[in-house]
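One structure below.
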Amino acid sequence: MKPSHNTTQDSEVKSMNYSKLKLIVVVVFASILLSACGTLPSSSWPGVSVTPKGDFVYVADAASVFKVDATNGSLAWRYPVKADASKQYYAAPELSDSLVIVGDYGNSPSLLSTETKKFSLIGLDSMTGAEKWTNTDAKGQWVASPLIVGNMVIAPSADGTLYALSPSDGKVVWKFSANAAFWAKPVSDGELVYVPSMDHFLYAVNLSSGTLAWKVDLGASGVYGLAVGDDGTIYLSTLGSEVLAIKSDGRSILWRFKTKGSVWAVPVLKDGVVYIGDANNKVYAITASNGQSKWEVDAPGPVLCAPAMTSNGLIFASETGQVFLMDFNGKLGWNKTINGKLYSSPVVAGQQVVVGVTGGDKNVLLVAYDFTGKDSWTFTVPQ
Amino acid sequence: MDIWTILILQPFTNVLLFIYSVVGNFGIAIILFTIIIRLLTHPLMVKQIKSAGAMQELQSNPKWKEIQVKYKNDKEKLAQEQMKLQKELGVNPFASCLPLLIQFPIIIGLYQTLQQAIVTSPLQLLSLTRHIYPGFLNVANIIPIDSRFLWMDLGQPERLFIQGLPFGIPTMAIIVMVTTWMQSRLMQPPADPNNSQANMLGGMMNIYMPLLMGYLGLTLASGISLYFITSNLIGIGQYAMLGKVNWNNLNPFYKPQPVAAVKGGVKASKPIADSSPKETRSLPESSSKPALTHKSNGSGAAKAKKANMTKPVKSGSSKFK
C-alpha cells in the first residue's frame, strides 16, 4: 500500500507543479494581453512640412522624422537613425534655413520607471539630421508644431504652456500658461503671438516678453491653427463646428459661421474668401469680410484637413483617401484615390502637391501628384 | 460602427461624459460611473455568489464524495453521476459562471470607455467626438476634459513626487495592488482539504492577481487605476453586504481551520480515497437529500446539521460564509 500511496502523492505533486506552471503561463499571457489592449498608444497622423524653396519635404510619423527629396521622393536622412520606441513624432516639423524642430508625443515609460514621461523638443541640423539641442521642460506632449519667428522658437505644449526658446541652444526664454493644452500652431505678426488653446480662449502674447496682450473666448476649443488676413483679422475654426473671424485687437468677434459637421482644420484664405471643409463631406467658401456663405459643395468624403493652394484651385484630401482639385468656384476637378486615410493637410512642393498618408497600403507615407493629378512619386517608410 | 461599439462603448462613453458634464470633475465622474455600473450588475453578482456557494456546498456533500470515490476509475460514469446529483439537488454548475461571463463585457467596456474618454491627441479626440450622441451632449462644452484629479493627471501613469525624494512613488499602483489583494483575500472561499489543487490555485491567485493589477496600475493611465481601486472597494463592500467576507483573512498570520476537516474529522493532507468511504458509510439514507437550495444563504453549520454529518460544524466554520 505504501508505494501506492507514495505514487499517489508523487502524481499529486507533479499535477500541482503542472498546474502551477499553467497558472504562471496564463498570468504572464494575461498581463501581456491586458497591457497591449490597455496601453494608450501615442498615435496621430503624419505631420508634413516643405522648405520655402519646395525642394525638400519633411515628414514626422511615429518613431521617425524623414527628410525627403521633393523632386523624386528619395530619402535624404532619417532621425533618429535607430528608432527609439519611447519617442513618437507627429507634429509637422518647423523649418528654418539650418534648423528643423521636431516635438515628441512621448510614450509609456519603461516598466519599472519611477519617472513621469518626458517630452522632448529637439532641434536638428537640417543638412544632416544631427541633434543640435533637446529641451525636456514640457510635461505634456508636443501635439502642435512650433513656430520660428525672428530669433525665437515659440513652442505650444499640451501641458498648457507656451514656451519661447532660443533657437541656438533650446533654452527657455519665457513661458506663458493657459488653462488647458495647446494643440494648435501659433502665428505671429512680429510683435504678438496668436495661439488658440483647448481652454476655449485665443491668446495674444507679446513676443518679446511672453506677457498676455489680450484673450478672447471662442466658445469652444481651438484645436487647429489660424490664418491672418492682410488687415490683421484672425480666422480660425473651433470644436464647436464654427469658423470665426476676430478683430486684430481681440476686442470683438466679427462673425461666426456654423458648419454642418465638425471642422478639424485651419481655414485657408485667398482673395477675401475663407475656404474650409468639414466632417460632413462639405466644402465651404465664406466671404471674409462678413462671414456670409459664398458657396457650399459636396466633397467625395469627410474633409478633416486644410487644402493646398495652387493657381488652378484648392487641392483637398478626404479622410476616405480621395485627393481632389476644386476650383475657386467650388467646381470639382481631378480626383485620385489613395489606399489609406488622409488627415494631414496636403502641401505644395514646387510643381507638386504632397499628401501624408495614415495607415497607407504597403507602408506608403507620402504620395506626390503634379497639379494636373498625375502621379509623381511615393515615399515608403524604409524598413 | 460595430455592435460592440453601438451596444457597449458608445452608451458607456456618453453616460461617463454626461456625469462629467454634471459634476465637472473627471476623477469623481470615474468613481460615480464605476459605482453605477457595479450597482447595475449587483444582481448578477449576487446570483453568481449564491451559485458558487451552492457548488461549494455540493462538493462537501457526502453523496458527491461517495460517487467520486466509487467511480474514480471511470471518468465517464463519474461525470454522469455528478450531473445526476446536480440535477437532483437543483444545482446548475454553469449558474455561477454565467453572471460572471455577463459581467466581463461590461468590465471591458468600462475600461475601454475610460481609455477613449481620456484623449491626448487629435486623432483620439476625433474618435471620441464620433461616439458622442448628437443632441445628448455638446462636445464644445465638454472638451477639454480636465483630467486632473488630486495630484494626478488621469491621462498619464501616476507618480507622487515628494520633496527630497529623487524618484516618484507609484502610489496608485500600490493602492491598486493592496485593494486587489484585499479583495481576493476577503472573497477567498474556505480551504477544501479534498481539493489541494484548488487551494493552491486560490493561494497563487492571491499573489499573482495583485501583482498583475499593480503592474497595470504602474504602466497605464492613472484614470484606469482609479477605476480599479473604486471597483475593488465596491466589490469588497458588496461581498460584505452579502455577509460573504471573512475579515480574518486579511491577517496574514491567521490560519483558518479547513471546513471539511471539521465537518468530517479528516486531515487536510489525507487523500480522498482514504477518508471518504468511512465518512459516507456512516451517513443514513436520509442524507441523500440535504437541504441544499439556492435560497439558503450558505451557513455551512446549518447544512451540515441537516445533512446529519458525523460531526456538527463548530465555530471555525462559521467564519466561512
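The values are calculated or read from the model by the stated rules, or taken from the named source; none is laboratory data. Note that the structure is predicted; figures quoted are calculated from it, not measured. Cβ sites come from the backbone with ideal geometry, for glycine too, and all protein chains shown count toward neighbours.
Taking B:Pro189 and the conditions (1) modelled with pLDDT under 80; (2) buried (at least 18 other Cβ atoms within 10 Å of the Cβ); (3) away from chain A (no Cβ under 11 Å), which numbered condition does it fall short on, given that it satisfies the others?
The failed condition is (2).
I need the full set of residues from the range A:349-363 which are crowded, with 17+ Cβ neighbours inside 10 Å and not in a loop (DSSP other than H, G, I, E, B), in order please.
A:Ala349, A:Gln352, A:Val353, A:Val354, A:Val355, A:Gly356, A:Thr358, listed by residue number.
Name the single residue that is nearest to A:Glu191 (Cα to Cα) among those in the range A:233-254 being in contact with a Leu (Cβ under 7 Å, 6 or more places away or on another chain) and not in a loop (DSSP other than H, G, I, E, B).
The selected residue is A:Ile234.
Given the conditions (1) surrounded by 15 or more Cβ atoms within 10 Å (Cβ to Cβ); (2) assigned to a loop (DSSP other than H, G, I, E, B); (3) of a type outside the set (Ser, Thr, Tyr), report the number of the one that A:Ala368 does not fulfil.
Of (1) surrounded by 15 or more Cβ atoms within 10 Å (Cβ to Cβ); (2) assigned to a loop (DSSP other than H, G, I, E, B); (3) of a type outside the set (Ser, Thr, Tyr), only one is false for A:Ala368: (2).
Quick one: in the range B:81-118, which of the residues that are of a type in the set (Phe, Trp, Tyr) and modelled with pLDDT under 75 is nearest to B:Ile132 (Cα to Cα)?
Among those that are of a type in the set (Phe, Trp, Tyr) and modelled with pLDDT under 75, it is B:Phe104.
Tell me which residues, restricted to the range B:146-186, are touching a helix residue (DSSP H, G or I) at 6+ places or on another chain (Cβ under 7 Å) and among the hydroxyl-bearing types (Ser, Thr, Tyr).
B:Ser147, B:Thr179, B:Thr180, B:Ser184
Starting from residues that are free of Cβ contacts under 8 Å to residues at least 60 places away in the same chain and among the hydroxyl-bearing types (Ser, Thr, Tyr), keep the ones in the range A:371-383 and report whichever is surrounded by the most Cβ atoms within 10 Å (Cβ to Cβ).
So the residue we want is A:Thr380.
Starting from the range B:36-62, take each residue that is without any contact (Cβ under 8 Å) to a residue 60 or more places away in the chain and of a type outside the set (S, T, N, Q) and list its partners that are surrounded by fewer than 19 Cβ atoms within 10 Å (Cβ to Cβ) and outside any helix (DSSP H, G or I), counting only C-beta distances under 8 angstrom and pairs at least six apart or across chains.
B:Lys47/B:Ala95; B:Met55/B:Pro93
Restrict the check to the range A:108-115 and report whether at least one residue is at pLDDT below 95, within 21 Å of the chain's Cα centre (by Cα) and assigned to a loop (DSSP other than H, G, I, E, B).
yes
Restricting to the range A:116-138, and then to whatever is surrounded by 19 or more Cβ atoms within 10 Å (Cβ to Cβ) and within 14 Å of chain B (Cβ to nearest Cβ), can you tell me which residue is modelled with the highest pLDDT?
It comes out as A:Ala138.
Return the residue satisfying two criteria in turn: it lies in the range A:149-160 and is of a type outside the set (A, V, I, L, M, F, W, C) and more than 14 Å from every other protein chain (Cβ to nearest Cβ), and of such residues it is surrounded by the most Cβ atoms within 10 Å (Cβ to Cβ).
Top of the filtered list is A:Gly150.
Restricting the search to the range A:197-218, which residues are hydrophobic (A, V, I, L, M, F, W, C) and touching a strand residue (DSSP E or B) at 6+ places or on another chain (Cβ under 8 Å)?
Within the range A:197-218, A:Phe201, A:Leu202, A:Ala204, A:Val205, A:Leu207, A:Leu212, A:Ala213, A:Trp214, A:Val216, A:Leu218 qualify.
May I ask you to list the residues in the range A:147-156 that are within 20 Å of A:Glu131 (Cα to Cα) and modelled with pLDDT of 95 or more?
A:Leu147, A:Ile148, A:Met152, A:Val153, A:Ile154, A:Ala155
Are there any pairs with C-beta distances below 7 angstrom linking a residue in the range B:7-28 that is part of a helix (DSSP H, G or I) to a residue that is surrounded by fewer than 15 Cβ atoms within 10 Å (Cβ to Cβ), with the two at least 6 apart or on different chains, and if so which?
Note: pairs meeting the criteria are B:Ile8/B:Pro105; B:Asn14/B:Tyr133; B:Asn14/B:Phe136; B:Ser21/B:Asn141; B:Gly27/B:Leu150.
Which condition does B:Ser121 not pass, out of (1) modelled with pLDDT under 90; (2) away from chain A (no Cβ under 14 Å), if it passes all the others?
The number of the failed condition is (2).
May I ask you to list pairs of residues, at least six apart or on different chains, whose Cβ atoms are under 7 Å apart, with the first in the range B:146-160 being without any contact (Cβ under 8 Å) to a residue 24 or more places away in the chain and the second being surrounded by fewer than 21 Cβ atoms within 10 Å (Cβ to Cβ) and not in a loop (DSSP other than H, G, I, E, B)?
Final answer for the pair search is B:Trp151/B:Leu160; B:Arg159/B:Gly168; B:Arg159/B:Ile169; B:Leu160/B:Gly168; B:Leu160/B:Ile169; B:Leu160/B:Thr171.
Of all residues in the range A:169-199, which are buried (at least 24 other Cβ atoms within 10 Å of the Cβ) and either in contact (Cβ under 8 Å) with a residue 60 or more places away in the chain or part of a loop (DSSP other than H, G, I, E, B) (or both)?
Matches in the range A:169-199: A:Ala181, A:Phe182, A:Trp183, A:Ala184, A:Pro186, A:Ser197, A:Met198.
So how many residues does the range B:154-181 have that are surrounded by fewer than 19 Cβ atoms within 10 Å (Cβ to Cβ) and away from chain A (no Cβ under 14 Å)?
Number satisfying all stated conditions: 3.
Could you tell me whether any residue of the range B:78-96 is within 14 Å of another protein chain (Cβ to nearest Cβ) and either free of Cβ contacts under 8 Å to residues at least 60 places away in the same chain or in a loop (DSSP other than H, G, I, E, B) (or both)?
No: the range B:78-96 contains no residue that is within 14 Å of another protein chain (Cβ to nearest Cβ) and either free of Cβ contacts under 8 Å to residues at least 60 places away in the same chain or in a loop (DSSP other than H, G, I, E, B) (or both).
Look at the range A:49-98 and say how many of its residues are surrounded by fewer than 23 Cβ atoms within 10 Å (Cβ to Cβ), of a type in the set (Gly, Ala, Ser) and part of a loop (DSSP other than H, G, I, E, B).
Residues flagged as surrounded by fewer than 23 Cβ atoms within 10 Å (Cβ to Cβ), of a type in the set (Gly, Ala, Ser) and part of a loop (DSSP other than H, G, I, E, B) within the range A:49-98 amount to 10.
When you scan the range B:124-140, how many residues do you find that are aliphatic (A, V, I, L, M) and more than 10 Å from chain A (Cβ to nearest Cβ)?
Of the residues in the range B:124-140, 3 are aliphatic (A, V, I, L, M) and more than 10 Å from chain A (Cβ to nearest Cβ).
So B:Ile143 clears everything in (1) more than 8 Å from chain A (Cβ to nearest Cβ); (2) aliphatic (A, V, I, L, M); (3) out of contact with any helix residue (DSSP H, G or I) (no Cβ under 6 Å at 6 or more places or on another chain) except one condition, right? Which one?
The failed condition is (1).
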